[in-house]
């Protein structure tokens, strides 16, 4: 199950290509956003679990990339705390989220 917004789909597509090249039968255990970054858990094979350094490194690289990629559109982004959630958004989506957060729709400071 993918529990991320569409801005990270291209990142996940690249991650899938790289992981499949390392371990064609890899298994995704969990894919979600956690504290404004990608949290991706997978193993190189269904059984038995093995550790492959390159496999883990590729996942870690994608997780790092996610903290600079807008969750909504994939543009360059920064992390924000909005409504007590850490999110990674471009300027445009951060502004929209701040406006939605304001009780009367008025502009609020970051």
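No lab work stands behind these numbers, since they all come straight from the coordinates. Owing to the predicted nature of the structure, the values given are computational and were not obtained by experimental measurement. Here Cβ is always computed from backbone atoms with ideal geometry, including for glycine, and neighbour counts include all displayed protein chains.
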Q: Set the Förster radius R0 to 35 Å, insert the Cβ-Cβ distance between residue 28 and residue 102 as r into 1/(1 + (r/R0)^6), and round the FRET efficiency to 0.05.
A: 0.40
Q: Describe numerically, in nm with one decimal, the distance between label points set 7 Å from Cα along Cα→Cβ at residue 95 and at residue 35.
A: 3.0 nm
Q. Counting each DSSP H run of 4 or more residues in the chain as -39500 (n - 2.57), what helix-only mean residue ellipticity at 222 nm follows after dividing by all residues, to the nearest 500 deg cm²/dmol?
A. -11000 deg cm²/dmol
Q. What is the helix-to-structure angle for 53-66, meaning the angle in degrees between its Cα long axis and the longest Cα principal axis of the chain, kept from 0 to 90 and rounded to the nearest 10?
A. 10 degrees
Q: Would you indicate which of (i) 16.2, 55; (ii) 15.5, 51; (iii) 22.5, 77 is the value of Rg and Dmax of the Cα atoms in Å derived from the coordinates of this structure?
A: (i)
Q) Hey, quick one: spin label on residue 85, modelled 7 Å out along Cα-Cβ, who in the stretch 1-31 has an amide N within reach, i.e. under 15 Å? A) 3-8
